[in-house]
Amino acid sequence: MDGWHLGYTIDVDEKNTVIYAKIHGLWKAETAENYHNDFKEEVEPLLGEPWARLIDCTNWKTSRNEVTDLVGRHMAWSRQHNAALSLYVLDNPSTFRQLNQMIIKGGTKDTARIFRKREEAEAFLKKNWLDLPKEKRGQVPLVD
């Protein structure tokens, strides 16, 4: 599934147990459902261990209300399946509100961080994931 799709891209770094995704445009319920299904398929090789994700939302627009619930459920599913760290890159105040609602609905506030720039998110990922021994990932307190 790697590559570009209407509304999103998903790439998996199996070695480092990180999912990289980019979210595009205005989502409808169908886009959110397709994303969740494609995401589940892509993350399958990582499900036996903690994994992280970096989601670039800089090209995402505020979506329809039903998307908030669907993505919130996706976040809850991810957490139940060993997502230990979720980083979001977002610079739009109106989409920030909606993303925050999704994080609350998904129950992932303790493992989620939102950044304005990708470089900031990547530095946080490096410090809190990539530089840690694999057995420590998701087990130590996050360092800002």
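Bear in mind that the values in this text are calculations on the coordinates, not laboratory data. Predicted model, so just to flag it, every value in this text is computed and none were measured. Neighbour counts run over all protein chains shown; Cβ positions are idealised from the backbone, glycine included.
Assorted remarks:
- Within the stretch 1-66, the trypsin sites (Lys or Arg not before Pro) that combine a DSSP coil assignment with at most 11 other C-beta atoms in a 10 angstrom radius are LYS15.
- Given charges at beta-carbon only (K, R positive; D, E negative), |dipole| of the stretch 3-134 in Debye: 520 debye
- Low-density loop cleavage sites - GluC sites (Glu not before Pro) in the stretch 11-81, where at most 13 other Cβ are within 10 Å (DSSP): GLU14
- Taking the C-alpha atoms only, the angle from helix 93-106 to the longest principal axis of the chain is near 60 degrees.
- Degrees separating the helix 29-43 axis from the principal Cα axis of the chain, which is the longest one: 20 degrees
- Springs between Cα atoms under 10 Å define the GNM used for the chain, and in it the highest mean-square fluctuation of ILE104, ILE114, ILE23 occurs at ILE104.
- Most mobile of ASN82, ASN100, ASN37 in a GNM of the chain (Cα contacts under 10 Å): ASN37
- In the structure shown, the pairs LYS105/LYS127; LYS22/LYS117; LYS28/LYS105 are assessed against 20 Å; a Cα-Cα span above that value is assigned to LYS105/LYS127.
- For the chain, alpha-carbon Rg relative to the globular expectation (2.2 N^0.38 Å, N residues): 0.96
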